[in-house]
Structure formats: structure tokens, C-alpha cells
Amino acid sequence: MEYFAHESAVIDPGCQIGKGTRIWHFTHLMPDCILGENCNLGQNVVVSPGVVLGNNVKVQNNVSIYTGVVCEDDVFLGPSMVFTNIVNPRSAVIRREQYVKTLVRKGASIGANATIVCGVEIGEYAFVGAGAVVIRDVAAHSLVVGNPARHIGWMSEYGHKLQFDDNGFAKCPESGQAYQIENGKVRQIRE
């Protein structure tokens, strides 16, 4: 076995688990989910059928990832954050064939206790603040907070708030990476 699973974890048949992945206490992987390499799933995590997690995805304690969710590489899911997969759930109405897809792009971070309503896309390196309720798409590098989540700034790849000058340029204080904002979109300047 090329991954680690705590003895209390439940791994159903048909799961694909990448090399170096760690699965901790009381976590349940349901059939046909896919986990990339070097993922870390904290305790009491549920990964539903058909969920796809890329490489190096970090899932903190008490997170349920429901069918329809796809997380690309390097995504961070904070403690007790929540995904949904049905727009109009009712206990007495079965809607298993109506799950709505949610896509979390490379490097995005979702803070503790945030709620992601299904059908949205969280852009690359976006940052969803703790407790935010996301009801619409989040642009790449965007920092969103509140209920409903609203844009309040831009984040670097290293997770620092960017301060743009009058010419639309900013530098990450940790990595030194340069960024430019044009037409409401942020991109990293690669030299």
C-alpha cells in the first residue's frame, strides 16, 4: 500500500488513492472517489462517490465532500467547511440524478466553516474567508468574505493580500512574485 490510512478509517471498494496520501481517524471514503498523490484528509472527513481530489489537497477535520465536487491540485479545505450538491433539497424528494457540479481550481483555499453552494467555480488561488457563504463564482486570486460572500481584495499564490499600485502592479511580500490587474482580472507576471 502506497498510502496511509488510520485503522478507524473506512475505505469502500473502488476508491483510487494516490501515493503518499494520508487518511486519518474516522474518515470515510465512499465508492469510486479519486484522491491524488500526497493528499491529507483529517479526522471525520467524508468523501462521497465520484468526488475527485487532485494532488496535494489538504482537507481539515469535519469536512464532507459531496458527489459533484471536483478539487484540483493544491486545494485547501478548512475545518468544518461545507459543500452542497442540490439546489433545492427536500427530505421526501429523491434528487440523486440532479447533483450539481462544483469546481475548486488549483491552489484555492476555503476557510473554516465556509459554505459553498453547489454550481459555482472557485478560481485558481482564490481565498474564501472563514464563515463565508459562496453563492456565485469566485474569480481567480479573489478574496471573498461574508454572507453572501463578496469580493474585498486579491490574493497572491502564497496567500497574501495584494496591494496594487496606480499602474495596476503588485508584489507578493513573501515570494516576490509580481502580479498585474487588468479589466478586473489578476494574473501573475512570469519573467
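The values are calculated or read from the model by the stated rules, or taken from the named source; none is laboratory data. Values in this document were obtained by computation on a predicted structure and should not be read as measured data. Backbone-built Cβ (ideal geometry, glycine too); neighbour counts: all protein chains shown.
Quickly run through the stretch 162-191 and pick out the residues that are assigned to a loop (DSSP other than H, G, I, E, B), among the charged types (D, E, K, R) and at pLDDT 95 or above. Correct list: Asp165, Asp166, Glu174.
Beta carbons closer than 7 Å, at least 6 apart along the sequence or on distinct chains, pair a first residue in the stretch 157-171 that is touching a residue at least 24 places away in the same chain (Cβ under 8 Å) with a second that is surrounded by 15 or more Cβ atoms within 10 Å (Cβ to Cβ) and aliphatic (A, V, I, L, M) for Leu162/Met155; Leu162/Ala170.
Take Lys101 and decide whether it is in contact (Cβ under 8 Å) with a residue 12 or more places away in the chain, farther than 25 Å from Val51 by Cβ and surrounded by fewer than 22 Cβ atoms within 10 Å (Cβ to Cβ).
Values: in contact (Cβ under 8 Å) with a residue 12 or more places away in the chain: yes; farther than 25 Å from Val51 by Cβ: no; surrounded by fewer than 22 Cβ atoms within 10 Å (Cβ to Cβ): yes.
No; evaluated as a whole, the condition is false for this residue.
The set of residues in the stretch 130-161 that are in a loop (DSSP other than H, G, I, E, B) and either at pLDDT below 95 or buried (at least 20 other Cβ atoms within 10 Å of the Cβ) (or both) comprises Ala132, Ala140, His141, Ala149, Ser156.
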